[in-house]
Structures are given as structure tokens and as C-alpha cells.
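> Okay, handing you the structure first.
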Amino acid sequence: MKIPRIAYCSPVNPVPSGISDYSEELLPYLGQYAEITLFVDDGVVPSNPNLAAHLELLPLRRLPREMRRRPYDALVYHMGNSPAHAGIWRHARSLPGVVVLHDFVLHHFMLWYAANALGDIQVYVRDMAERYGAAGAQMAQLMIRSRFTDGAFDFPCCEPVLAAARGLIAHSHYVRDHVARLRPDLPAAVVPMGVPLPSEQDRAEARLRLGLPRDAAILASFGHINAWKRVEPTLRAVARLRAHGIDARYILVGSVSPNYDLRGLIARSRLEEAVTITGYVPREQFEAYVAAADLCINLRYPTGGETSASLLRLLGAGRPTLVSAIGALAELPPGVAAQVDPGPAEGDQILAYCHLLLSRPELAAALGQRARTFVATEHHLARSAEGYAHFLAKLYGWPTPVRHRSEPLWRLTDADPVSATPPAPTPPTAPADDPIAAPLVQAAARAASELGFGQNDTTLLRIVARRIAELVGRTDRSL
């Protein structure tokens, strides 16, 4: 049987992008189904030796010639909202293929591309006016003057990418459904984002290795830091926790947007001694910070439709995590993460969750265990690769895909099994006799009382109670 050949275009390390990590983790599993040629930006020398050892590596500039000389059985482009995808977009415009859309909103990328890759920012200005009318023209004038606003997310700018695509892979129903409204004829599939299951690390050892205080209450956010990661309300929660006598610390692990005055925000909050900014860190250090954290904060509003690989890594590590109930994040099942509603009650919900989970370590541990089970069953890399193979086979007319190799091309981590068969799914919800569920309402009430909530906060308390109930898989709508 002929083995299909895939031309796979993606950033890889050392390009500092979450999609670099994503592809390096997916490729050994996708390589069970096909022979893969990895096309990378001109001049990029992959830092992962496994790529050169197991795949054919070519620069992107060779893609048109290779497609003419020996056509591939599938062409895959990874597109996200960062400059790391400039070379990929340049070729995707003229050589249609399957687009893996990591962000529904590509507005900031298209602005950057016009100004830097094309050297003519007026291309962006004209496109905004032609595509979105007067509202688009007005937003373009704000953006080119560096007046970045939440309103930019209302103009996704992904239409050119969709128009050039032959097919689409999304990692959430949110993105798939939004794409269908713009291009209903485009073949599309929702494929789970796969991540390796991290090894479980001892919290005390991780803190010792990182030089962090052993007994402090550590909150941590991961990934690229910008104005939409809800750092400001989290800082207010940290300040209020410290005011209640809790030695709360906040660590921001990841690169910081140059347009975001993070240090100024921290200074205005008077939390310089309690907040640490690490910048971009390698994977081993990233995982150590995850292990060291008591609570992980993965909030965002507004959303660009992204499925967060960093969030799945936190959940896979078994860390109790706060997420925003928006976009793809809202698709998480109950009992996997603490969901925070964007809006007026956001800050109070963050504070209430922090206080409850810090004061109830058994509840936090149960939440983390459900999160790890969810990632192990629903976001296994073998399942993700299988989803790719089946969609590509259907779109390009392959025979039913089969694994031509019994094992992935290389092993990722000790915790991530090389077995091609994912574990059987286990529902990530609590049973009715969950010992944590019984005292939950009382614990929530005590936490709310300690935080100063009273009879005038009925609406907020109902929201918090409903969200907390979801942590143990209970959705009592009478709350």
C-alpha cells in the first residue's frame, strides 16, 4: 500500500511560538500515517534533532518547486496570529492547501504583514475598508496609530486565509462554526489539540529548583502576556489576598507584548515584591513553574478563538486552573477547570476561587486530577494525529488511513506513552457521592464571608455558587 506524502508547513523551534512546540509534538504521531516533508522558514535551523533525524527538512522557498516536481498527497499550513507565519501565508496564497487555523482572529498578523512583509501599511487600511466598510476603516486608523482596542477582535481579517484554503482543521467548535458563517462551502473538521501528558513533579522540589518560597501561595499565568490575559484583575485579587494576610505571589511565565506596559501596571498596583516576570522560558523550566504553582490563571478576554496549548499543558499537569468562560475555553466540560465569567463579576470570581482553592487543598487536588484525566483521554496526541489523517484522507481521496508504523517516530516524555492506542475515556465529572461535594456550599459560604461578601451581593454569590458547583460536576440550576 502506498504511503501518503504530506507537505507540512509550520514554525518550529527555535522560533518562539507555541505552534513550534505543537508541531514538534504532533509530528512523531502523524508520521505513523504518512511520509512527511517539513517546510520551515528560510534560514531556520531546527533545534530539535529529532526533526532532521526522522523527517525530510526543506526551506519554504522550495515548496512551489517541490509541488511541481513531485506533488504531495496533502499540503498542510499552520496559521496563527503572529509574525512567525509570514512565510507560510506568502505561499498559502498561491498554493491552496489545508489550513490549521490556530486563531480565528488574524487581525494583528495581517496588520503586521502589510507593514513589514509587504512594506505598505496602506494595503491593510484598504483591505479593512473594503471588507468591513466605514467601521473597518475607522478601526484601521486606530490600529495604525498603535491604539489597540478590544474592538479589533470584531474584525477577524481571516477571510483571505479562508478564501485561499482547500480545507480547514480547527481545534474547537467555536472556530469551526465561525468559519462556516464566512465560508460555508469549505470542508472543515474539528480535531482535538494533542499535548503530551507531563510527568508529575513534586511541588516542593520545583520551588527549591526555581528559588521560590516554600510556603507562599503562588499563582501563575503562562504563555504570551498581553492586555487580554486579564492580568489587571488578577493583580487586584493578589493584592486583596495579601491584605487578608495570605502571602500570595504571582508569576508571569512567557514573553510580554511590547505594546503592553506590564511593569507599569505592576508598579501602580504596588506589587513589585510579589510579582515575577520570567520572560520566555524553555520547556523544562516552564514545566517546573507549572509544578510550583498552587493555582494557574489562564484568563483571556476578548478572545481570538484560540485553543490554548499552554492551558492544556496546565490541565495535563494536574494543576487547578482558572479559565475564562468564553470562546473555545467555554467548551471545557464541568469539573475540569474553574470557569470565570468575563464582565462586572470577573474580579470577584477570581478572588473567590483563589480563596476557596487555596484554603481547600483537597478540593484543588481533586480539580487538578479531573483536569489531568480529561487531557489524557480527550487530548492524547495519538487521537489528534488520527483526526488529521482521517480528514486529509477524505479531502484528498486517500484510502482509509492506516498506521504504517506501529510506534511514533520518537518519544516525547517519559509520561507520554509511545503506545498508539489512547487510554479509554473516563468522564471528568464527580460522582454523586464525591466526598468533596458535600461540604462545598459551606466552604464557599465561609470563603465569601471571609472576603467581605454580604446580603447585597446575592447575584455575585449565585454566579460563584453555580461555577463552583460545576467544579465537581454538579449543575444545580436552582442555585
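> Counting only residues that are more than 30 Å from residue 214 (Cβ to Cβ) and in contact with a Phe, Trp or Tyr (Cβ under 6 Å, 6 or more places away or on another chain), which one in segment 305-325 is surrounded by the fewest Cβ atoms within 10 Å (Cβ to Cβ)?
324
> If you don't mind, there's one more thing I want to ask. Please verify whether segment 118-131 includes one or more residues that are small (Gly, Ala, Ser) and touching a residue at least 24 places away in the same chain (Cβ under 8 Å).
No, that holds for no residue.
> Of the residues 46, 11, 4, only one is touching a residue at least 40 places away in the same chain (Cβ under 8 Å) and within 23 Å of residue 282 (Cα to Cα); which?
The conditions single out 11.
> Looking only at segment 209-254, which residues are of a type in the set (Gly, Ala, Ser), farther than 28 Å from residue 82 by Cβ and part of a helix (DSSP H, G or I)?
Of everything in segment 209-254, those that are of a type in the set (Gly, Ala, Ser), farther than 28 Å from residue 82 by Cβ and part of a helix (DSSP H, G or I) turn out to be 237, 239, 243.
> Something else: Does segment 164-173 contain any residue that is closer than 12 Å to residue 99 by Cβ, in contact (Cβ under 8 Å) with a residue 12 or more places away in the chain and assigned to a helix (DSSP H, G or I)?
yes
> A further question follows. Among 302, 333, which is the only one that is part of a loop (DSSP other than H, G, I, E, B), closer than 17 Å to residue 178 by Cα, modelled with pLDDT of 90 or more and not small (Gly, Ala, Ser)?
Sole residue among the options that is part of a loop (DSSP other than H, G, I, E, B), closer than 17 Å to residue 178 by Cα, modelled with pLDDT of 90 or more and not small (Gly, Ala, Ser): 302.
> With the structure loaded, tell me whether residue 106 is over 29 Å from residue 261 (Cα atoms), among the aliphatic types (A, V, I, L, M) and either in contact with a strand residue (DSSP E or B) (Cβ under 8 Å, 6 or more places away or on another chain) or in the same structural domain as residue 20 (by TED's automatic domain parsing) (or both) or whether it fails that test.
no
> Next question. Quick check on segment 344-400: of everything there that is in a loop (DSSP other than H, G, I, E, B) and either touching a residue at least 24 places away in the same chain (Cβ under 8 Å) or under 22 Å from the mean Cα position of the chain (by Cα) (or both), which residue is surrounded by the fewest Cβ atoms within 10 Å (Cβ to Cβ)?
Selected residue: 399.
> Let me ask something additional. Within segment 282-299, can one find any residue that is in contact with a strand residue (DSSP E or B) (Cβ under 8 Å, 6 or more places away or on another chain), surrounded by 20 or more Cβ atoms within 10 Å (Cβ to Cβ), under 24 Å from residue 25 (Cβ atoms) and free of Cβ contacts under 8 Å to residues at least 60 places away in the same chain?
no
> Quick one: residue 245 ticks every box in (1) at pLDDT 95 or above; (2) small (Gly, Ala, Ser); (3) in contact with a Ser or Thr (Cβ under 9 Å, 6 or more places away or on another chain) bar one, so which box is it?
(3)
> Right, another one. For segment 17-54, give me each residue that is in contact with a His (Cβ under 9 Å, 6 or more places away or on another chain), farther than 17 Å from residue 194 by Cα and outside any strand (DSSP E or B).
Result: 34, single match.
> A further question on this structure: Of the residues 143, 193, only one is touching a residue at least 60 places away in the same chain (Cβ under 8 Å) and crowded, with 16+ Cβ neighbours inside 10 Å; which?
Going through 143, 193 in turn, just one is touching a residue at least 60 places away in the same chain (Cβ under 8 Å) and crowded, with 16+ Cβ neighbours inside 10 Å: 193.
The values are calculated or read from the model by the stated rules, or taken from the named source; none is laboratory data. The structure displayed is predicted, hence computed values, not measured ones. Please note: Cβ atoms are built from the backbone with ideal geometry, for glycine as well, and neighbour counts cover all protein chains shown.
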